[in-house]
Amino acid sequence: AGEAGARAVLALPPNSYRADRDAVVGHYREVARAGLPVVAYNNPHDTKVDLTPELLAELHGEGLIVAVKEFSGDVRRAYEIAERAPGLDLLIGADDVLLELGLAGAVGWIAGYPNAIPDATVELYRLATSGVGADLEKALPLYRALHPLLRWDSRTEFVQAIKASMDLAGLRGGACRPPRSRLAGEVAARVVRETETVLALGYR
């Protein structure tokens with residue numbers, strides 16, 4: 001990646017088995033040897049390895065990571081991460097905790113649903129991450145309106161849902177490659193209903 005010009009890498013912990021602390025630290029040491037800034041990706045739901053605030057602080061303190069994509073869904077962690085690892089950048093890792101993590105000090109968002117409703121989601125991000133001056137009077141109604149769609153980003157069908165919403169919004173989502181299957185039945189109907197509701201409200 002470095003030789004190809006990448007400016008940073010996003011790296012999951014070892015995920016073919018439930019790695020212990022030593023294996024996780026060793027993994028990030030090896031990744032960091034490439035010389036690129038490393039963003040740790042905490043997704044304990046899928047990897048079964050939890051990059052806790054304590055472990056993130058250890059990795060950051062050793063200079064192995066510069067940021068974390070936080071996908072645990074536990075917004076309380078933002079504050080403990082900031083306490084234990086000042087200077088470690090917090091990136092919003094799931095669309096449906098955007099407001100909470102934005103208010104808690106996140107400095108970026110690795111996002112899904114802006115592919116389907118870019119204007120509204122970028123505006124929501126701006127409102128949520130403007131620090132002490134965060135405009136909750138505008139952010140909360142927008143967040144509530146978009147949240148049924150944003151929740152799909154944390155579900156198994158998130159890629160299919162985002163692509164379906166893109167198609168409905170007039171953007172090209174298209175079909176998923178195998179092994180992901182097409183949405184069907186009530187799941188597909190819900191994505192259509194929730195997308196059409198958001199679009200009918202004028203959000204794009």
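Sorting 188-200, 92-104 by average packing, meaning the other beta carbons within 10 Å per residue, from highest down gives 92-104, 188-200. A Gaussian network model of the chain, with springs between Cα atoms under 10 Å, assigns the largest mean-square fluctuation among PRO178, PRO141, PRO14 to PRO178.
Accessible area per residue for the chain, computed on protein heavy atoms with a 1.4 Å probe, is 53 Å². Magnitude of the charge dipole for the range 48-204, about its Cα centre and with charges confined to Cβ atoms of Lys, Arg (+1) and Asp, Glu (-1), is about 720 debye. Mean-square fluctuations from a GNM of the chain, with a 10 angstrom spring cutoff on Cα atoms, peak among ARG18, ARG177, ARG29 at ARG177.
Dividing the mean sequence gap of close Cα pairs (under 8 Å, 6+ apart) by how many residues the range 1-93 holds gives a relative contact order of 27 percent. In plain terms, the chain from VAL187 to LYS48 could stretch by 47.5 nm, reckoned as 0.36 nm per residue minus the Cα-Cα distance.
A Förster radius of 22 Å, combined with the Cβ-Cβ distance separating LEU36 from VAL107, puts the computed FRET efficiency at roughly 0.75.
The values are calculated or read from the model by the stated rules, or taken from the named source; none is laboratory data. The model shown is predicted, which means the values in this text are computed figures rather than measured ones. Glycine also receives a Cβ, built like all others from the backbone with ideal geometry; neighbour counts cover every protein chain displayed. Just so you know, the surface numbers come from the protein's heavy atoms only, side chains and all, with ligands and any DNA or RNA stripped out. Shrake-Rupley method; radii C 1.70, N 1.55, O 1.52, S 1.80 Å.
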